[in-house]
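The values are calculated or read from the model by the stated rules, or taken from the named source; none is laboratory data. Only a predicted model underlies this, so the values are computations on that prediction, with no experimental measurement involved. Quick reminder, even Gly has a Cβ in these numbers, built from the backbone with ideal geometry, and neighbours come from all protein chains shown.
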Amino acid sequence: MTHAVTSPDRRPPRRDAHALLAVGLHKRYALGSATVEALRGVDLAVGRGEFVAVMGASGSGKSTLLHLLGLLETPDEGRVEIDGLDTSGLGDDALTELRRSRLGFVFQTFELIPNLSARENVLLPADMSGAGAAGRERLARLAAVLGIEDRLDHRPDQLSGGQRQRVALARALINDPVVVLADEPTGNLDSRTGHEVLRLLSHGVRELGWTVVMVTHDARAAMQAERIVFLRDGEVAGTLHTSDTDVQAVFERALGG
């Protein structure tokens, strides 16, 4: 899909570029008279078609990192590239358009509009970006993949938690984003329903070429990703590849699996 976002002072995205690249991210917040450094030089490269989980204790910088990757906040130092496009210095309008066209968001609390049907919730980003016709064509395929064809005319309060998260995932994917950013997507779901959502994400990455970055505190959820990046005190503390059989054994013993 050709994305419409352009910037006259930047080259077009490179075909060999990462889906998402963060370099040297620093973020500071004022807390009374003190300054809290939430991120301290974080680097993260995510390839196309990769599923990456970010884990860390409360206060480790997970949420701050997700906000910077999602262009919801700007770093004090460092840069974020989306599909090879350096977002540094872009104005509010350009950042908004990038969020709409190249990023998809999935939240723990679903963030569906209660008085809209599932169909209307899913199509909202496409309508807002002027891609309503393409969104309607894509909706049928997404609804089939996510198993919500028979729920599109229901409001959120008529859906189960798992169905609401599937609708939220369809909404995140409706504009064919470069990256889906998922913030604790199983946090409000029971274990069985959460596993189903994770299975859908994994299937989408493996079979459909989605790129997913998921923030989670749940080790079982993180093990569904291909790579786990650990944050501690605003820094990358380590990385694990879940295909490593030793890593799998350690997690299974720790989780009682």
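Look at (1) surrounded by 19 or more Cβ atoms within 10 Å (Cβ to Cβ); (2) over 26 Å from R220 (Cβ atoms); (3) within 18 Å of the chain's Cα centre (by Cα) and you find that L72 fails only one, number (1). The set of residues in region 39-54 being under 16 Å from G234 (Cα atoms) and acidic (D, E) consists of D43 alone. Candidates A221, A131: the one that is under 26 Å from L66 (Cα atoms), of a type in the set (A, V, I, L, M, F, W, C) and at pLDDT below 90 is A131.
Only one residue in A53, A38, A45 is crowded, with 19+ Cβ neighbours inside 10 Å, closer than 21 Å to E226 by Cβ and small (G, A, S). Which one? When all the criteria are applied, what remains is A53.
In this structure, A57 does not qualify as at pLDDT 95 or above and closer than 22 Å to G238 by Cβ.
Within this structure, V197 fails the test of being over 19 Å from the mean Cα position of the chain (by Cα), surrounded by 13 or more Cβ atoms within 10 Å (Cβ to Cβ), at pLDDT below 95 and among the aliphatic types (A, V, I, L, M). Filtering region 110-124 to residues that are part of a loop (DSSP other than H, G, I, E, B) and farther than 12 Å from L169 by Cα leaves I113, P114, N115, L116, S117.
Filtering region 73-93 to residues that are modelled with pLDDT of 95 or more and closer than 16 Å to N175 by Cα leaves only I82. Consider region 1-38 and keep the residues that are modelled with pLDDT under 55 and touching an Asp or Glu at 6+ places or on another chain (Cβ under 7 Å). The one that is nearest to V236 (Cα to Cα) is P13. For region 55-94, the tally of residues that are part of a loop (DSSP other than H, G, I, E, B) and either on the phi > 0 side of the Ramachandran plot or touching a helix residue (DSSP H, G or I) at 6+ places or on another chain (Cβ under 6 Å) (or both) stands at 9. The number of residues in region 137-191 that are closer than 29 Å to L44 by Cβ, assigned to a helix (DSSP H, G or I) and polar (S, T, N, Q) comes to 2. Going residue by residue through region 207-222, is there one that turns out to be part of a helix (DSSP H, G or I), under 27 Å from E37 (Cβ atoms) and in contact (Cβ under 8 Å) with a residue 40 or more places away in the chain? Within region 207-222 (the criterion being part of a helix (DSSP H, G or I), under 27 Å from E37 (Cβ atoms) and in contact (Cβ under 8 Å) with a residue 40 or more places away in the chain), the answer is yes, since at least one residue qualifies. When the residues of region 100-119 are filtered to those that are of a type in the set (D, E, K, R) and touching a helix residue (DSSP H, G or I) at 6+ places or on another chain (Cβ under 9 Å), which remaining residue is nearest to L69 (Cα to Cα)? Ranking the candidates gives R100 first.
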